[in-house]
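Single-structure report; data block below.
The values are calculated or read from the model by the stated rules, or taken from the named source; none is laboratory data. None of the values given here were measured: they were computed from a predicted structure. Cβ: placed from backbone, ideal geometry, glycine included. Neighbour counts: every protein chain shown. Note: accessible area is taken over every heavy atom of the protein model, side chains too, but ligands, DNA and RNA are not part of it. Shrake-Rupley method; radii C 1.70, N 1.55, O 1.52, S 1.80 Å.
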Amino acid sequence: MLLANKVCVVTGAASARGIGRATAKLFALHGGRSIILDLNQEQAAAAASELGEAHRGIACDVTDREACAAAIERVVGEFGRVDVLINNAGITQPLKFMDIAPENYDAVLDVNLRGTLYMSQAAVPHMRRQRSGSIVCMSSVSAQRGGGIFGGPHYSAAKAGALGLAKAMARELGPDNVRVNSVTPGLIQTDITGGKLTGELKAEILKGIPLNRLGDAEDVARACLFLASDLSSYITGATIDVNGGMLIH
């Protein structure tokens with residue numbers, strides 16, 4: 001029970017085949033109380049109910065600072081604390097550089113980067129008061145290699161920004177015993193990639209992955225579990241690659 005009695009908030013966690021959902025489920029299996037945040041209240045509540053009565057689903061738009069604060073206040077009001085925050089909510093768009101319009105840039109940066117800032121700002125005061133906490137920021141191999149398979153350059157920029165933000169947070173929050181780390185998944189089989197991955201494309205991608213398989217949401221969830229738990233109590237400001245060796249550097 002690596003997360004016994006810990007209150008764990010996971011954003012963007014209602015999607016059935018998503019990384020957030022897999023993470024919330026794994027946390028519950030390890031004794032954590034999973035709080036699933038997503039845009040739709042019914043979907044968030046349904047996802048939480050599948051985990052059991054101890055867990056909660058809350059509607060929250062991570063691009064709305066007041067909504068983020070309200071969600072965390074609700075969690076603390078009911079459970080008294082927040083121990084883990086997984087900044088998982090994100091969107092991507094498969095656009096070329098010259099096709100990125102202002103509204104595309106705003107949408108992708110808002111969810112992936114601004115959302116990480118706002119949710120973290122909502123949780124940090126409570127973690128500081130507890131003198132403990134773990135924040136995990138979901139980045140991407142796209143941030144490291146300058147583009148992925150499906151995400152456009154603005155997605156790479158947003159996910160690279162998340163890496164920098166996490167490192168700066170780790171440096172500032174370390175004295176309060178609040179740890180901040182990042183996870184950089186490679187190509188993970190989720191609802192986002194499901195309809196776009198043809199057999200030919202998959203075969204081509206596998207040539208560049210030493211472990212010779214695509215990742216799944218549970219692979220990323222396990223990295224989040226490690227960073228959320230006391231197994232990583234002396235790790236902060238780190239980046240954990242979950243890509244099967246796609247980017248060995």
* To do: Calculate the spin-label point distance for GLU66 paired with GLU50, positioning each point 7 Å from the Cα along the beta-carbon direction, and give it in nanometres.
  => 3.3
* **Net +/- balance of residues flanking ALA24 in space, Cβ distance below 11 Å, scoring K and R +1, D and E -1** => +2
* To do: Could you grab the relative contact order for the chain? Cα pairs under 8 Å, six or more apart, rounded to a whole percent.
  => 19
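What FRET efficiency would be calculated for the residue pair LEU2, ARG131, taking the C-beta separation as r and a Förster radius of 25 Å, to the nearest 0.05?
The value I calculate is 0.80.
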* Contact order relative to length of region 88-232, as percent, for alpha carbon pairs under 8 angstrom and 6 or more apart -> 25
* Structure fact -> With +1 at each Lys and Arg Cβ and -1 at each Asp and Glu Cβ, the charge dipole magnitude of the chain around its Cα centre, to the nearest 20 debye, comes out at 640
* To do: Once you have the Cα-Cα distance between TYR234 and ASP176, take 0.36 nm times their residue separation minus that, and quote the gain in nm to one decimal.
  => 19.6 nm
* What does the charge count near LEU113 come to, summing +1 for each Lys or Arg and -1 for each Asp or Glu among other residues with Cβ under 13 Å from its Cβ? -> 0
* Structure fact -> Once amide hydrogens are built 1.01 Å from N within the peptide plane, the residues lying 5 or more places from ASP216 or on another chain with amide H under 5 Å from its amide H are GLN189
* About the Cα centre of region 63-147, how large is the charge dipole given +1 on each Lys and Arg Cβ and -1 on each Asp and Glu Cβ? Please answer in debye to the nearest 20. => 440
* Where the chain is the region considered: accessible area per residue in Å², 1.4 Å probe -> 46
* Going through region 157-211, which trypsin sites (Lys or Arg not before Pro) have at most 15 other Cβ atoms within 10 Å and a DSSP loop state? -> LYS196, LYS207
* Dipole magnitude of region 1-107 about its Cα centre, charges +1 at Lys/Arg Cβ and -1 at Asp/Glu Cβ only, in debye to the nearest 20? -> 480
* Asked: In deg cm²/dmol, rounded to 500, what helix-only [θ] at 222 nm does the chain give when every DSSP H run of at least 4 residues adds -39500 (n - 2.57) and the total is split over its residues?
  -> -13000 deg cm²/dmol
* To do: May I ask for the distance between the Cα centers of region 99-127 and region 150-220, given as a whole number of Å?
  => 16
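Roughly speaking, to the nearest percent, how much of region 1-143's 1.4 Å accessible area is carbon and sulfur?
Reported share for carbon and sulfur atoms: 51 percent.
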